[in-house]
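The values are calculated or read from the model by the stated rules, or taken from the named source; none is laboratory data. None of these values were measured; they are calculated from a predicted model. Here Cβ is always computed from backbone atoms with ideal geometry, including for glycine, and neighbour counts include all displayed protein chains.
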Amino acid sequence: KAMMRKIQDMAIQAFQAIDLCGMARVDFLVHGKTIWVNEVNTIPGFTPISMYPKLWDASGISYPRLLDELVTLAIERHKEKQGLSRTYAPKVAWHKK
């Protein structure tokens, strides 16, 4: 249990360290009590028999629920991006003074 929790924490840290959003699979190498992050796979297999949905299923998240969660996350992310300003238009032409 303690090792599983440590791996989960390391996966979250790896995900956040490279500023990911949505889905990714973090792979590990384990030797005894030593754990290494092997890779962060940002486009993991996503068929019902792929490792990514199977890992979620093992933690209590079914394939249909996983799809719902990812679609909801994508819609929220899209709405956030729509609200961002991508240009800057100063109200005062300070550069022409």
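Of note, Ile49 satisfies the criterion of being among the β-branched types (Val, Ile, Thr) and loosely packed, with under 10 Cβ neighbours inside 10 Å.
Restricting to region 6-41, and then to whatever is surrounded by fewer than 13 Cβ atoms within 10 Å (Cβ to Cβ) and either more than 15 Å from the chain's Cα centre (by Cα) or in the same structural domain as Leu73 (by TED's automatic domain parsing) (or both), can you tell me which residue is farthest from Ala74 (Cα to Cα)? Don't jump to the end; show me each part of the working.
First pass over region 6-41, keeping only residues surrounded by fewer than 13 Cβ atoms within 10 Å (Cβ to Cβ): 8-9, 12-13, 16-19, 21-22, 29-34, 36, 38-39.
Right, trim to either more than 15 Å from the chain's Cα centre (by Cα) or in the same structural domain as Leu73 (by TED's automatic domain parsing) (or both) and you get 29-34, 36, 38.
Working: Leu29: 30, Val30: 32, His31: 36, Gly32: 38, Lys33: 36, Thr34: 35, Trp36: 30, Asn38: 27 Å.
This residue is Gly32.
All conditions but one from (1) surrounded by 11 or more Cβ atoms within 10 Å (Cβ to Cβ); (2) modelled with pLDDT of 90 or more apply to Ile75; the one that does not is (1). For region 53-66, the set of residues classified as hydrophobic (A, V, I, L, M, F, W, C) and over 14 Å from the mean Cα position of the chain (by Cα) consists of Leu55, Ala58, Ile61, listed by residue number.
Tell me which residues, restricted to region 14-72, are of a type outside the set (A, V, I, L, M) and in contact with a Lys or Arg (Cβ under 7 Å, 6 or more places away or on another chain). Let's see the steps before the verdict.
Going through region 14-72, the residues of a type outside the set (A, V, I, L, M) turn out to be 15-16, 19, 21-22, 25, 27-28, 31-34, 36, 38-39, 41-42, 44-48, 50, 52-54, 56-57, 59-60, 62-65, 68-69, 72.
Listed by number, the residues that qualify are Cys21, Asn41, Pro44, Tyr52.
Taking region 52-79 only, how many residues are hydroxyl-bearing (Ser, Thr, Tyr) and more than 21 Å from Ile7 (Cβ to Cβ)? It would help to see each step written out before you state the result.
Looking only at region 52-79, we keep the residues that are hydroxyl-bearing (Ser, Thr, Tyr), and these are 52, 59, 62-63, 72.
Those left that are additionally more than 21 Å from Ile7 (Cβ to Cβ): 62-63, 72.
Looking only at that region, the number is 3.
When region 52-63 is filtered for residues that are part of a helix (DSSP H, G or I) and either surrounded by 10 or more Cβ atoms within 10 Å (Cβ to Cβ) or touching a Cys at 6+ places or on another chain (Cβ under 7 Å) (or both), the ones remaining, listed by number, are Tyr52, Pro53, Lys54, Leu55, Trp56, Asp57, Tyr63. If the condition is being in contact with a helix residue (DSSP H, G or I) (Cβ under 6 Å, 6 or more places away or on another chain) and in a loop (DSSP other than H, G, I, E, B), then region 32-44 contributes only Pro44.
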